[in-house]
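**Q** Following this message is one structure expressed as structure tokens.
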Amino acid sequence: MLKNIIKSPNDPRLYKVISLPNKLSCLLISDKETDKSAASIDVKVGQINDPVERPGLAHFLEHMLFLGTKKYPNQNDYSSYITSNSGSNNAYTALCNTNYFFDCSNSGFHGALDRFSQFFINPLFTESCTEREINAVHSEHEKNINSDVWRKMQLFRSSAVQNHPYNKFGTGNKQTLQHPTIRDDLLAFYNKYYSANIMKLVLYGKEDINTLEEWAHEMFSPVKNFDVNIPDIKEPAFTKENLGNFWKIFPIKDKDYMEFVWILENLDPHYKNNPARYISNLIGHEGKNSLLSYLIDEGLALELRTGYSTEMSLFTKFTINIQLTKKGLENYERVCRIVFQYLKMLREKGVEKRVFDEIKKVLQMKFDYKDKETPISYVTSLADNMQYYPIEDIIRLNYLMEEYKPELIQDTINKLSVDNMRVYLISKAVEKDCDKREKWYGTPYSCEPFTSQFKEMFYEPNVGRSHSGCTLDIPPPNIFIPNNFDLITQDFSTLPQYPQKIYQSDKMEIWFKQDNTFKQPKACMYLKLYCNDLGFGNQIETYLLLDIWVKLFNESLREMLYLASTAALTVSFSMDSEGPEVYISGFNDSMDKISVELFEKMKEFDPSNMKEYFENVHEKMLRNLKNFYKNQPYEQGVSFQNALM
């Protein structure tokens, strides 16, 4: 018996999970209010399943599946139908799964589903298109060659245990795919793996649940079931032989980074209690006592991000990424020492229930009052989640922090050790040290084992206060977390339909609209300062000076804005051609606190007190301008289009 999905109390959509006779699991979502329908099907086969001699075959199959079916042989039928019904479609091939998805108008949903389902029933894999799609895959790879994200990702995979499935090159190119038997290989791969029992389907439409269920049976029951079994991979991808080392990487873009990576056991079985989230929340904090505040105070860093991901249900990768200043690059060992000091503090302080409860409260609050997602992104993520997690939890997966288990969290902190760690220094400055080349992207790099002194530094970093007195500690309580979720009014029928002007003077006016649609304890505020006479829109120097001012002001607010963001407040201080803009949104109970703080700081702000940060802001702006021309062509095009308009 399939369990019911746990949904937000404010979610009006209806959900039902069914299993078709061919063992294809299907989630049905009925939304009477949606203006678009969407569907996604996820197949639990991906890059790691590529034959050793055909890297990129799963990705190539993804491309070929779009090119006509027995029922709809025209290779453009699916795409043109979706487009003519106000929709979009795409797919992606990941390590362990391949996901196909689309959205369209409600009226076109049935026809789109009929065309979509045929991919998995009778695809043609049109032989005449084989060479063209090999070129398309190759072009995709060529596009990624100048992307630092792709280069670093493949270098990480290439450095895994040789001949391990994780070690593969998943994208594919002409070198790996241009083979006389490639179509036969493709058909064999499809017939072996594309089985209904390892597929997850999500349908999202305006129709009632019964109609969606009829459509699922009608169109997806013919998908063949071969009772495929994808065996779990048990062999480790990383061992003591390829961990405990210091890497230098020469990048495409002119940016200086340090990255600390740990390989942990698979933490997915603990997804409800999520020890990695607790640790990431603390290391990635940007408020008082934080690692980032300390690094910025010493002029060593510009940004810090943390993250974690589970790969192949085999291991969890935990990462700290720090964007360095030029001073930070010159003193990267000092950066390492400060990071290690923070980790030592976490180990010694132990787990704090107050921190856990705060994270849990915010996550529950976000789940209870979450907004609707766009249908296409919603179905795509849900189909993916269905492959790995119990069906009842797939909606609330990103909001779970259920049971306080301090011993589990402490054990995970302790496992962030020097033995299962890698440290990366990524900079143009290390070019002369990079004596190796990665096979598929040609990325220059070097790799050396940690020295005994480096290992000693990990456990005894001996870092005191920063020059201005910053300390490394657990963050203080967050004053912006709301407690009152009552609505201001319950009588929505008498509220005005349109915004009303509630104040006017010779310098300003205020408009107000009471929400009578969403009926949630949330609010938003938008402030526009018109400074057109200063020439922000047509004088480059003035525009850049304002841009610098805004960046300095945002830096002065950084610790406060981070606390606000963790309390589900969105605070944006930006600029356009007419002057600065302020946008605040979040729960009613937090709005007065953040508004008073923000506007008081705006009144008091004096950029002359930010001299120590000016060089960092200036350096970052210059680098961004230089690196702009190394962005993907479409990214440059959009930016130029906006400027011309």
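The values are calculated or read from the model by the stated rules, or taken from the named source; none is laboratory data. Source: prediction; values computed, not measured. Every residue, glycine among them, receives a Cβ derived from its backbone with ideal geometry; neighbour counts consider all protein chains shown. SASA here: full protein model, heavy atoms, side chains in, ligands and nucleic acids out. Shrake-Rupley method; radii C 1.70, N 1.55, O 1.52, S 1.80 Å.
**Q** Name the residue from ILE359, LEU397, VAL423 whose Cα lies farthest towards the positive end of the charge dipole of the range 356-453, charges +1 on Cβ of Lys and Arg and -1 on Cβ of Asp and Glu.
**A** VAL423
**Q** How charged is the neighbourhood of ASP368? Take every other residue with its Cβ under 12 Å from the Cβ of ASP368, and add Lys/Arg as +1 and Asp/Glu as -1.
**A** With Lys, Arg at +1 and Asp, Glu at -1, the neighbours total +4.
**Q** Just how large is the dipole of the range 522-645 about the Cα centre, in debye to the nearest 20, putting +1 at every Lys and Arg Cβ and -1 at every Asp and Glu Cβ?
**A** 380 debye
**Q** I'd like the chymotrypsin sites (Phe, Trp or Tyr not before Pro) in the range 538-645 restricted to DSSP loop residues with at most 15 other Cβ atoms within 10 Å, sorted by number. Could you put the intermediate results ahead of the total?
**A** Values: sites: TYR543, TRP549, PHE553, TYR562, PHE573, TYR583, PHE587, PHE599, PHE605, TYR613, PHE614, PHE628, TYR629, TYR634, PHE640; in loops: PHE605, TYR629.
Taking the range 538-645 and a limit of 15 other Cβ atoms within 10 Å, the loop chymotrypsin sites (Phe, Trp or Tyr not before Pro) found are PHE605, TYR629.
**Q** How many angstrom lie between the C-alpha centres of the range 589-603 and the range 1-56?
**A** 42 Å
**Q** Follow-up. Using the beta-carbon distance between ASN245 and SER313 and R0 = 41 Å, what value does 1/(1 + (r/R0)^6) give for FRET efficiency, to the nearest 0.05?
**A** 0.95
**Q** Same structure, new question: Given [x] 95, 79, 49; [y] 84, 55, 49; [z] 73, 70, 55 as candidate values of Cα extents along the principal axes in Å, which corresponds to the one derived from the coordinates?
**A** It is the value labelled [z].
**Q** Taking only the alpha carbons of the range 226-302, what extent do you get along each of the three principal axes, in Å, biggest first?
**A** Dimensions of the range 226-302 along the principal axes of its Cα atoms: 58, 35, 27 Å.
**Q** Out of PRO496, ASN281, PRO482, whose Cα points farthest toward the positive end of the dipole of the chain (charges: +1 Lys, Arg; -1 Asp, Glu; placed on Cβ)?
**A** Among PRO496, ASN281, PRO482, the one farthest towards the positive end of the dipole of the chain is ASN281.
**Q** Moving on. Sorted by accessible area (1.4 Å probe), largest first, how do LEU295, LEU472, LEU544 line up?
**A** Result of the area sort, largest leading: LEU544, LEU472, LEU295.
**Q** Still on this model: Ordering TRP440, TRP247 by accessible area with a probe of 1.4 Å, largest first, what comes out?
**A** Result of the area sort, largest leading: TRP440, TRP247.
**Q** Let me know the charge dipole size of the range 387-443 about its Cα centre in debye, to the nearest 20, where only the beta-carbon of Lys, Arg (+1) and Asp, Glu (-1) is charged.
**A** With Lys and Arg at +1 and Asp and Glu at -1, about 500 debye.
**Q** Give the carbon-plus-sulfur fraction of the accessible surface of the range 375-532 in %, rounded to a whole number; probe 1.4 Å, heavy atoms of protein chains only.
**A** Accessible surface attributable to carbon and sulfur in the range 375-532 totals 52 percent.
**Q** Rounded if a/c is under 1.5, else prolate if a/b beats b/c, else oblate: with a ≥ b ≥ c from the C-alpha gyration tensor eigenvalues square-rooted, which is the range 469-530?
**A** It comes out oblate by the Cα gyration axes.
**Q** Let me ask you something else. Can you send over the carbon and sulfur percentage of the accessible area for the range 13-110, probe radius 1.4 Å, protein chains only?
**A** Carbon with sulfur: 51 percent of the solvent-accessible area.
**Q** Something else now. Pick out, from ALA160, THR412, SER107, the residue whose Cα sits farthest towards the positive end of the charge dipole of the chain, with +1 on the Cβ of Lys and Arg and -1 on the Cβ of Asp and Glu.
**A** Checked the options; the winner is ALA160.
**Q** So with the 1.4 Å probe, I'd like the accessible area per residue for the range 474-542, rounded to whole Å².
**A** Normalised by residue count, the accessible surface of the range 474-542 is 78 Å².
**Q** Could you give the dipole magnitude of the range 16-141 about its Cα centre, charging the beta-carbon of Lys and Arg +1 and that of Asp and Glu -1, in debye to the nearest 20?
**A** My answer is approximately 420 debye.
**Q** Go through the range 479-528 and name the chymotrypsin sites (Phe, Trp or Tyr not before Pro) that are in a DSSP coil and have 12 or fewer other Cβ atoms within 10 Å of their Cβ. Please report the intermediate quantities before stating the final value.
**A** Numbers: sites: PHE480, PHE485, PHE492, TYR503, TRP511, PHE512, PHE518, TYR526; in loops: PHE480, PHE485, PHE492, PHE518.
Sites meeting the loop and neighbour criteria: PHE492, PHE518.
**Q** At 1.4 Å probe size, with every protein chain present, just tell me what the per residue accessible area of the range 252-346 comes to in Å².
**A** Values: 2770 Å² over 95 residues.
Value returned for the range 252-346: 29 Å² of accessible area per residue.
**Q** Calculated from DSSP H runs of 4 or more alone, at -39500 (n - 2.57) each and per residue, what is the 222 nm mean residue ellipticity of the chain, nearest 500?
**A** -11000 deg cm²/dmol
**Q** A further question on this structure: Is the range 548-594 rounded, prolate or oblate when judged by the Cα gyration tensor, a ≥ b ≥ c being the square roots of its eigenvalues, rounded requiring a/c under 1.5 and prolate requiring a/b larger than b/c?
**A** On the way: a/c = 2.96, a/b = 1.57, b/c = 1.88.
Taking the square roots of the gyration eigenvalues as a ≥ b ≥ c, the range 548-594 is oblate.
**Q** Given the C-alpha centroids of the range 515-565 and the range 285-342, what is the distance between them in whole angstrom?
**A** Distance between centres, Cα-based: 27 Å.
**Q** Taking Cα centroids, how far is the range 259-282 from the range 108-123 in Å?
**A** 39 Å
**Q** Take every DSSP beta bridge whose two residues both sit in the chain, then give the antiparallel share in percent to the nearest 5.
**A** Close to 85 percent.
**Q** Another one. Just to check I understand the Karplus step: with θ = phi - 60° and J = 6.51 cos²θ - 1.76 cosθ + 1.60, what whole-Hz values come out for the range 474-483, glycine and proline as x?
**A** Result, ordered by residue: 5, x, x, x, 8, 6, 8, 5, x, 10 Hz.
**Q** Of all GluC sites (Glu not before Pro) in the range 377-443, which ones are in loop regions per DSSP and have a Cβ with at most 11 other Cβ atoms within 10 Å? Please report the intermediate quantities before stating the final value.
**A** Working: sites: GLU392, GLU402, GLU403, GLU407, GLU431, GLU438; in loops: GLU402, GLU403, GLU438.
Qualifying residues, ordered by number: GLU403.
**Q** Counting only heavy atoms of the protein chains, get the accessible area per residue of the range 586-627 (1.4 Å probe) and round it to a whole Å² value.
**A** Details: 2490 Å² over 42 residues.
Per-residue accessible area for the range 586-627 comes out at 59 Å².
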